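Reviewing the structure listed below.
Where a number appears in this text, it was derived from the coordinates with a stated rule and is not lab data. Predicted, not measured: the structure shown is a model, and the values here were computed from it. Every residue, glycine as well, gets a Cβ built from its backbone with ideal geometry; the counts of neighbours run over all protein chains shown.
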Amino acid sequence: MNVIEIKNLTKYYNKSRGIIDVSFDVKEGEIFGFIGPNGSGKSTTIRTLLELIHPTSGYAKIFGKDCITDSAEIMKEVGYLPSEVFYYDGMKVIDLLNYSASFYKKDCSKRIKELSEIMDLELDRKIDELSYGNKKKVGIVQALLHQPKLIILDEPTGGLDPLMQQKFFDLLKEENKNGATIFFSSHVLSEVQRICDRVAIIKEGKIVKLEKMSEINDSNYKRLKIEVKDKLDDSYFQIDGVNDLKVNGNIHSFMFKGDINDILVKLTSIKVNNIWIDELDLEEIFLHYYNKEE
């Protein structure tokens, strides 16, 4: 079952591009990563899912229901953490959370206490006394207090120290284990690589890659640096699978995806002084999609 289904979703702000023909789905029980830098279209996509804006064309569904016409019903089962959280400064944390819980017509008092203890959040403090990181903790508890079936997170770790980030990730894994589907939007690529099952890369409003995280990790992407004895033509290693080729004297470095034997064949006819081979992390793969020519 698809918890989120997006088809040809397009949004223009007058003549300015928001997103163009975005299509993907998120399956029930997934932790789905959505990555791209600021201005790439991540937040526009999320705001459309939440009916904060309406699309120019295309559609989005959550739980099989239209995000525009069925928004009120959908939101009962959705928890949302925005990248920036803003609250009434004079309110106490507990009053804010109780007010949020009142929209779901269920007793969330035990849940609020449990989450606040996990996130080390002081419930009797006033909002205006809190640091940015502690306000983000309020947002996390607020998003999860009604035990939503879908959790949508937009740059969720900003302001959290490393220890609190670890607690937050452990909490997300527990929520996922208990059946929640998680949509995790971030530009912190190590976080996505750490927690997500699949990932979509968005560039200039368009999806440029959609793949399982395991396939990206096991896709034979490698970074090679080869020091040759005699100077070669700069194009010597320009074969299928080679990207980002750089030549500095007798050192040829490049990113490679494919059968490593293709590189070994090239090496048999030359003399090599040294060779370095490293696995690529998600950040390097991401930058490859962003830097390569269309």
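Couple of notes before you dig in:
- Segments 189-197, 144-152 sorted - mean Cβ within 10 Å per residue, highest first: 144-152, 189-197
- Shape summary of segment 194-267, radius of gyration then Dmax from alpha carbon positions: 15.5, 45 Å.
- Segment 171-207 and segment 1-67 have Cα centres lying 14 Å from one another.
- Rg/Rg_globular for the chain, with Rg_globular taken as 2.2 N^0.38 Å and Rg from C-alpha atoms: 1.21
- Ranked list, fewest to most other Cβ atoms within 10 Å of each Cβ, for Val188, Val228, Val141, Val265: Val265, Val188, Val228, Val141
- Bridge type composition, the chain - antiparallel percent by DSSP, nearest 5: 70
- Rounded to the nearest 0.05, the FRET efficiency derived from the C-beta distance between Phe169 and Glu204 at R0 = 35 Å is 0.75.
- For the chain, the longest principal axis of the Cα atoms and the long axis of helix 109-118 meet at an angle of about 40 degrees.
- Under the convention that each Lys and Arg Cβ holds +1 and each Asp and Glu Cβ holds -1, the size of the dipole of the chain around its Cα centre is about 340 debye.
- Cα-based convex hull, segment 150-214, per residue volume (Å³, whole number): 94
- Neighbour counting of Cβ atoms within 10 Å sorts the residues Leu210, Leu49, Leu245, fewest neighbours leading, into Leu210, Leu245, Leu49.
- Spin-label model distance (nm) - Asp230 vs Arg17, 7 Å beyond Cα toward Cβ: 4.7
- All aspartates and glutamates inside 12 Å of Lys222 as judged from Cα atoms, apart from same-chain residues fewer than 8 positions distant: Asp244, Asp259, Asp278, Glu279, Asp281, Glu284
- Residue-averaged 222 nm ellipticity for the chain, from DSSP H runs of 4+ at -39500 (n - 2.57), nearest 500: -8500 deg cm²/dmol
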